[in-house]
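Novice: Before anything else, here's the structure in question.
The values are calculated or read from the model by the stated rules, or taken from the named source; none is laboratory data. Everything quoted here is computed from the prediction, not taken from an experiment. Cβ coordinates were reconstructed from backbone atoms using ideal geometry, including for glycine residues, and neighbour counts include every protein chain displayed. Accessible surface areas use protein heavy atoms only, side chains included; no ligands, DNA or RNA. Shrake-Rupley method; radii C 1.70, N 1.55, O 1.52, S 1.80 Å.
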Amino acid sequence: MNAPAPTPHAKKEDAGVADGNGAKPRVAFFDFASCEGCQLTVVDCLQTHLDLLQAVDIVQFREAMSEREDDYLIAFVEGSVTRPSDEPRLQDIRKQAAIVIALGACAHLGGVNAVRHGWDLDAVRKTVYGDAGQTYETGEARPIGAVIAVDGVIPGCPIDREEFIRSVRGLLQGRLPHPPEYPVCVECKLRENECLVLHGEVCLGSVTRAGCGAICPTYQTACEGCRGLTPDANLAGLRADLAARDLPTEPVEAALRLFLSRELAQQEA
Ligand code: SF4
Ligand code: SF4
Ligand code: SF4
């Protein structure tokens, strides 16, 4: 299902985030199917950046507080949509919030949950839950953008804490998050890393959106694509290059499926 196109500027102005009236924006955090690691990163950020905490009113954040109010301007949503009952809840969030930001790969891409994309769901349920599988309300794992219009994305699994801090500061100044459109390889080269592909690793940095500072290859771990594809990702070129280096197809396709199964399906449709 295609979500309607977002109208971020109109919403931002309506929201008064940048109108200088002195009122603190009311912010809420929500989670759907996820490991909650992105929310933990937010908690970590707020502990070290008290200026952010003082600049907003957090009115709902299950991970961090028990108070809860339903009047908010900005909603950060973590997690993928996997159950029919998720949809009305997400739509209510969209109705209330002037700005909805997808927080992390689960909300942005469907996340690791979407690795089951393209498989028979009954077989998946049986494999995971055995005979009890039929009693679980679960279905296709989708990014929140498949159900509602989303105004911005903070990608990654988990999100990058510096990018989150920059994004919140931008929102407070009336700017939506804009993750880079160039690939991780650019950041990797800027860090003067030796390319892992030369050592037979399946690294997806050439097709993956940058913004994480190429943290994985910097620590000698191949990029797994958690920030999603760049707009002009050359998947055919990546596959051809890895094949020319005698890397077997299966690990390449497995790496591509970990975070990118839905984006791949869209490209191949
Ligand atoms: S994106 Fe990764 S860290 Fe964030 S909630 Fe999903 S699985 Fe957890
Ligand atoms: S290690 Fe990965 S991210 Fe770094 S240059 Fe090579 S392919 Fe690109
Ligand atoms: S290097 Fe790749 S897998 Fe690692 S954080 Fe960056 S985008 Fe995600």
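Novice: Using only Cα positions of the chain, each an equal point scatterer, no hydration layer, compute I(q)/I(0) via Debye at q = 0.13 Å⁻¹ and quote the log10 values to two decimals.
Specialist: With one equal scatterer per Cα and no solvent, log10 I(q)/I(0) is -0.89.
Novice: For the chain, what is the number of Lys pairs with C-alpha distance below 26 angstrom, counting only pairs 8 or more positions apart or on separate chains?
Specialist: For the chain, qualifying lysine pairs total 5.
Novice: Just to be sure I follow the definition: excluding the sites themselves, where is the longest run in the chain that has none of the trypsin sites (Lys or Arg not before Pro) in a DSSP loop with at most 14 other Cβ atoms within 10 Å?
Specialist: Maximal segment without exposed cleavage sites: 63-190.
Novice: To continue, here is another question. To the nearest 10 degrees, how steep is helix 86-96 against the longest Cα principal axis of the chain, on a 0 to 90 scale?
Specialist: The angle comes out at about 50 degrees.
Novice: Would you give the gap between the C-alpha center of the stretch 105-125 and the C-alpha center of the stretch 183-200, rounded to a whole Å?
Specialist: Spelled out, the Cα-based centre of one part sits 29 Å from the other.
Novice: Amide H neighbours of Glu78 under 5 Å, counting only residues 5+ apart in sequence or on other chains, H built in-plane at 1.01 Å?
Specialist: Phe30, Asp31, Phe32, Leu103
Novice: At Val124 and Glu162, where each label point lies 7 Å from the Cα along Cα→Cβ, what is the point-to-point distance in nanometres?
Specialist: 3.5 nm
Novice: Which of Leu121, Gln134, Ile159 sits closest to the plus end of the dipole of the stretch 118-172, meaning its Cα is farthest towards the positive end, when Lys and Arg get +1 and Asp and Glu get -1 on the C-beta?
Specialist: Ile159
Novice: Quick one: helix 37-48 against the long Cα principal axis of the chain, what's the angle to the nearest 10°, folded into 0 to 90?
Specialist: 50 degrees
Novice: Considering only protein heavy atoms, what per residue accessible area in square angstrom results for the stretch 190-269 with a 1.4 angstrom probe?
Specialist: Heavy-atom accessible area per residue stands at 52 Å².
Novice: For the stretch 213-269, what % of the accessible area comes from carbon and sulfur atoms, probe 1.4 Å?
Specialist: Percent of accessible area from carbon and sulfur atoms in the stretch 213-269: 54.
Novice: Right, here's the next one. About the Cα centre of the chain, what is the dipole size in debye to 20, counting +1 per Lys and Arg Cβ and -1 per Asp and Glu Cβ, all else neutral?
Specialist: Magnitude of the dipole: close to 260 debye.
Novice: In deg cm²/dmol, rounded to 500, what helix-only [θ] at 222 nm does the chain give when every DSSP H run of at least 4 residues adds -39500 (n - 2.57) and the total is split over its residues?
Specialist: So the calculated ellipticity at 222 nm is -11500 deg cm²/dmol.
Novice: Rounded, prolate or oblate: which fits the stretch 126-269 when a ≥ b ≥ c are the square roots of the eigenvalues of the alpha-carbon gyration tensor, with rounded for a/c under 1.5 and prolate only if a/b beats b/c?
Specialist: oblate
Novice: Of the GluC sites (Glu not before Pro) in the stretch 26-115, which ones lie in a loop per DSSP and count no more than 12 other C-beta atoms within 10 Å?
Specialist: Working: sites: Glu36, Glu63, Glu67, Glu69, Glu78; in loops: Glu36, Glu63, Glu67, Glu69.
Answer by residue number: Glu67, Glu69.
Novice: Pull out the extension gain between Glu192 and Ala55, defined as 0.36 nm times the separation in residues minus the alpha carbon to alpha carbon distance; nm, one decimal.
Specialist: The span from Glu192 to Ala55 would gain 45.6 nm if fully extended.
Novice: When the accessible area of the stretch 101-202 is computed with all protein chains present and a 1.4 Å probe, what percentage of it is carbon and sulfur?
Specialist: Numbers: 2790 of 5120 Å².
Here carbon and sulfur together make up 55 percent of the probe-accessible area.
Novice: Label the stretch 190-269 by shape, choosing from rounded, prolate and oblate, from the square roots a ≥ b ≥ c of the eigenvalues of the Cα gyration tensor; if a/c is under 1.5 it is rounded, and otherwise prolate applies when a/b is larger than b/c, oblate when it is not.
Specialist: On the way: a/c = 1.82, a/b = 1.19, b/c = 1.52.
Judged from the Cα gyration tensor, the stretch 190-269 comes out oblate (a/c at least 1.5, b/c at or above a/b).
Novice: Work out the length of the dipole vector of the stretch 56-151 about its Cα centre, built from +1 on the beta-carbon of each Lys and Arg and -1 on the beta-carbon of each Asp and Glu, and round it to the nearest 20 debye.
Specialist: Dipole of the stretch 56-151, to the nearest 20 debye: 320 debye.
Novice: By the 4.7 Å beta carbon criterion, which cysteine residues of the chain come out unpaired?
Specialist: Cysteines of the chain left without a disulfide-compatible partner: Cys35, Cys38, Cys45, Cys106, Cys185, Cys188, Cys195, Cys203, Cys212, Cys216, Cys223.
Novice: Something else: At 0.36 nm per residue, and after removing the present C-alpha to C-alpha distance, how many nm does the segment from Thr135 to Ala265 gain when stretched out fully?
Specialist: Values: separation 130, 0.36 × 130 = 46.80 nm, distance 2.84 nm.
Residue separation times 0.36 nm, minus the Cα-Cα distance, leaves 44.0 nm.
Novice: Helix 161-172 versus the longest principal axis of the chain: what is the Cα-based angle in degrees, 0 to 90, to the nearest 10?
Specialist: So the helix axis and the longest Cα principal axis differ by about 40 degrees.
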